């Protein structure tokens, strides 16, 4: 029985006897408690949201293809930028990583399932009403929220009823994330197979453990900020409303106290995925496992003391600017440790470049560009020039698309055979990779120039001197979007339908870890009794 | 310096190549705007203040350091990718963990980032130092325009709104943009003197806006209910442009900033004109005044403009005619005195005062007709001045 879809009648009989009480049809998904089924739903959901957010992004790029307004009015344009951000962050990237966590953490640590199977079901199904409310806000009176994904006060006070829908949706998604995090923490800390000590645990599980703590720490902070926005809007409070003595800058402090750890929430699990792939295809052990764990923890801790680098132009006192500038630049140190580790792992390995490795190397290369621009933005005097310009847009897409999204693709190609039981087509994977890499850079590299030249972000129209780079970016964006449709139709769909070469239990020569100790596709139930592990905790010995 | 130039040249060439590829059929006719964006600009604006110069320098240094590290790190990676391939028969080595190496690649980056921070510290302190300004101007963000109030220094009291040229907004809606200053042209630019420290105090009326002029290296959020400040000292005269940099609603893209930097003398002349314009605009010439109000107003106008020559006691001095007891002033025909005031007399020894407003002239004439020993009881309304001007 495939864990992904009930395809064909040809599947094996060997483990069907495990399936007693195994619900079929819609019940299997609605009442799902199986970590693999829930993981699959998370991944499909996040891909659907990636498409919705992507269409909004293409709406933005279509409008910006030429100066002057061609397709949308500025109000709708602001709705596009706002909803693109909210949907990509809360609907696409975060749930995709939770999907990976669901699928891989129990398999990697030798656990039978997630600790709280029913809460797992709830945390997925909560996303559906939230997503409907977010996407549906376009059809509410006054249209979708248009205050930017950061929802800065007091602009949020001017929004229509859809603002409340968005606040409610983000609350629900936050609750979902917190439940998911509790589940991951309890699973990792309590359900590891005997012999799987914390310091033998795969880095993906480590990075998610740390990420889960970050989520639990900051999602309530976001909930607080948007709840205060809600009461300012409807119940006469003045937390952020200057007309009643409130402080709009306080909103920014609270938001970014959530917001900065949030960006690490979206990148740490990506580091985990890449740390699994590089050693496999270099056929060489990860250079510094311990320092990778410490570097991840350092990044997480530092993420709490750098938030106000998003606010250099609000007029912070000089000591505040200096503190946040230095603290932010320190993050380059543990991040550098990670990059050096990956390269040292590749050094004198015996490398092959199947699609997962291409994405992982692409990730390191392009993510590092985003890291460097981050360092430049951290310099307060330079940030005064670049804050709220396209330079910032370029920067965070280099770390979120070339970072998080590329790592997610790497993970899908790497573990997809385990999930579906079939190999993807190497040719198609390579087309997807090279197409995405080229179009990604075509889209976002020119934005650095636009930002340096002073083009502000969230502009529906712009001076004509900016026209050519915008045109290039728009062409790149449509190419990038098409590559993802190609990925879905020609890579994901065939794999899910079981079309393709049958995947062996361990498709990658040098892959290590317990997920390769179970058949492909992974049976519906795995590790029902705790496996006995060898000394390295990477193999089952009985 | 050489690396920097080569690098820029390389970038410029690469970008130009891309542009040729992508833009030929639609190329728009547009030129670089001095003080605003250049066509396909690749770098920060040419700096016009010391702060912007420092920002440019810091950015160049950072770019060079980052590019060097990038080349170093990825040189190693790509060497490895090319050489350490299974297809070339590479056998995997077995080394891992090295305390020395790991300490080195933690400590060296730490030192580098601290050094980077140290380079920037002076600039951070300098750009926050808004003390000892020659001129303080309040910039208020409104949805969707800027209001400027000259609070302190030469030009104090001047205030006006600065709005995007309505034709540009219409071009935008029509999807037919044109002009080098598209979306940057305003009705009333902010005018400041060159080589003076200008402190800009920002606030907002509704939501958060941000006041930005890239050539000055200035960007400061304008926050409703709060007052923040920034400063610049422009070292060149000319026109400089920026745009609102904080999302402020639907017309966010349509509230540009245009700063006109004038020489000290041009600035003084501009202030003069503004003050007079404002005084003129302040009074409605059709208003019918009462005698005592007009006399009170006229006393001020007299003190400001006439008393230097005609003396406060109205007796004049030397060749300057006395007003106290003057036949023209006492004449029942108000037109006689108005003709002198508007047209001047004695070959310009008595200048023309026509730049004063109708109300000011009416007030000062009424004042002189009813002060000192003059006691005509005559009242000159601003409307009569309007008539006399024709």
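Computed quantities for the displayed model
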| quantity | calculated |
| --- | --- |
| Inter-chain shielding of B:207-219 (mean C-beta neighbours from other protein chains, 10 Å cut-off) | 5 |
| Semi-axis lengths (Å, descending) of the ellipsoid that matches the C-alpha gyration tensor of the protein assembly as shown | 67, 28, 23 |
| Percent of Cα-Cα distances greater than 24 Å, calculated over the range B:291-389 | 8 |
| Rounded to 5, percent antiparallel among DSSP beta bridges of the protein assembly as shown | 70 |
| For chain B, built as a Gaussian network whose Cα springs stay under 10 Å, the top-fluctuating residue of B:59, B:168, B:310 | B:310 |
| Rg followed by Dmax, in Å, when the range B:135-280 is reduced to its Cα trace | 14.8, 43 |
| Label zone at residue B:276, where the point sits 7 Å out along the Cα-to-Cβ direction: the range B:298-321 residues whose backbone N lies under 13 Å | none |
| Mean Cβ neighbour count within 10 Å, used as a protection proxy, ranking A:449-455, A:481-487, B:277-283, A:183-189 highest first | A:449-455, A:183-189, A:481-487, B:277-283 |
| C-alpha long axis of helix B:291-301 to longest principal axis of chain B, angle in ° | 60 |
| Chain A: translational diffusion in µm²/s, Stokes-Einstein, Kirkwood Rh over Cα pairs, 25 °C, 0.890 mPa s | 103 |
| Cα→Cβ-extended label distance, 7 Å offset, between residue A:250 and residue B:317, nm | 6.1 |
| Shielding by other protein chains, B:174-181, mean Cβ within 10 Å | 4 |
| Alpha-carbon centroids, the range A:348-376 and the range A:455-471: separation in whole Å | 30 |
| Ranked B:77, A:83, criterion: other C-beta atoms within 10 Å, fewest first | B:77, A:83 |
| Percentage relative contact order, the range B:135-280, counting C-alpha pairs under 8 Å, at least six apart | 27 |
| Contact order normalised by residue count of chain A, Cα under 8 Å, 6+ apart, percent | 18 |
| Length-normalised contact order for chain B - Cα pairs under 8 Å, 6+ apart - percent | 13 |
| Alpha carbon centroid spacing (whole Å) that separates the range B:245-259 from the range A:129-144 | 27 |
| Cα Rg, Dmax (largest Cα-Cα span) when computed across chain B, Å | 32.0, 116 |
| Between the range A:54-96 and the range B:98-134, the Cα center-to-center distance that results, in Å | 36 |
| Tilt relative to chain A, helix A:35-64 - C-alpha long axis, 0 to 90 degrees, to 10 | 30 |
| Computed FRET value (nearest 0.05) for residue B:53 with residue B:268, which takes r as the C-beta separation and R₀ as 22 Å | 0.20 |
| Choice from B:198, B:103, B:257 with maximal GNM fluctuation in chain B (Cα, 10 Å cutoff) | B:103 |
| Packing rank of A:112-118, A:279-285, B:41-47, where each peptide gets the mean count of other beta carbons within 10 Å, highest leading | A:279-285, B:41-47, A:112-118 |
| Inter-label distance for residue B:97 and residue B:354, nm, one decimal - labels placed 7 Å from Cα along Cα-to-Cβ | 9.5 |
| Using alpha-carbon coordinates, inclination of helix B:264-282 to the longest axis of chain B, degrees | 60 |
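The numbers here are math on the coordinates, done by the rules we state, and not lab data. Source: prediction; values computed, not measured. Please note: Cβ atoms are built from the backbone with ideal geometry, for glycine as well, and neighbour counts cover all protein chains shown.
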